[in-house]
Amino acid sequence: MPIVSFINQKGGVGKTTGVVHLRHWLRSRGHSVLLVDADAQRSSTEWLDPDADAEDVVTTTDADEIAQHLPALRDRFDYVVCDAPAGLSEATRAILICSDLAIVPVQPTGADLRSSAAAIALIREAQQARESDRPRGVMYLSRAVGGTRLKNEAIDALSHIEDIPLLSTVIHQRQAVADASGQSCTAWDMARNAAAPEFDALFAEAMQHVG
């Protein structure tokens, strides 16, 4: 079954937020989902509710372990969702070699746009190693502020990158999403949270690229 990974060289871009929300989105549609938390900070694991099934979560930062076990784990679940570490480590490379779809969240800042180039290069490196179009790569604008020049400039810049499409859905900066991790919940659990329909639209769009 498909392995979907969230990657970025830079921390704090919304990678873990995307992982936790995609896991919830897929589970709410009746799918079994394995979370692979390969970030040394274990942010995804700490976000989950305390009664999360141990069989549904794997925490490891070891590239050899990921390369050895991830392909076998995919057969036990409908989806595997991976939170790759920041910094584009060997663990990230191992995850990409196994992934069907690599999702790159990008914040609308100059530093983030530059760091996304390294993530895109790593996706292409994995495709070349596999002599395949896998993992397919997509980007989305994360933690954007609506109506700003930075947002519009980022959309324009990212739209011109070949082979790695920018998803049309934008995830905007919202305090409710920032508060969700401390409450072990998601945007769908927060009252009157405008982020929930954004995540619905984002994942519906992103998963079309799994193939």
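Bear in mind that the values in this text are calculations on the coordinates, not laboratory data. For clarity, every value in this text was computed on a predicted model and none was experimentally measured. Neighbour counts are summed over all protein chains in view; Cβ atoms, including those assigned to glycine, are modelled from backbone coordinates with ideal geometry.
Order these peptides, 1-7, 118-124, 35-41, by their mean beta-carbon neighbour count within 10 angstrom, highest first.
On the way: 1-7: 24.0, 118-124: 19.4, 35-41: 21.7.
Averaged packing, sorted descending, gives the order 1-7, 35-41, 118-124.
Please express the Cα-Cα pair-distance distribution P(r) of segment 1-101 as a list of whole percents, one per 10 Å bin, running from 0 to the bin with the greatest distance.
17, 56, 26, 1
In segment 1-80, which trypsin sites (Lys or Arg not before Pro) are in a loop and have at most 14 other Cβ atoms within 10 Å, using DSSP for the loop call?
ARG29
On the principal axes of its Cα set, how long, how wide and how thick is segment 57-174? Give whole Å, largest value first.
In descending order, the Cα extents are 45, 31, 25 Å.
Considering only DSSP states other than H, G, I, E and B, which trypsin sites (Lys or Arg not before Pro) in segment 145-194 qualify as loop sites with at most 15 other Cβ atoms within 10 Å?
Passing both the DSSP loop test and the Cβ count: ARG192.
Please build a GNM for the chain, connecting alpha carbons under 10 Å apart, and tell me which residue among GLN68, GLN127, GLN173 fluctuates the most.
It is GLN68.
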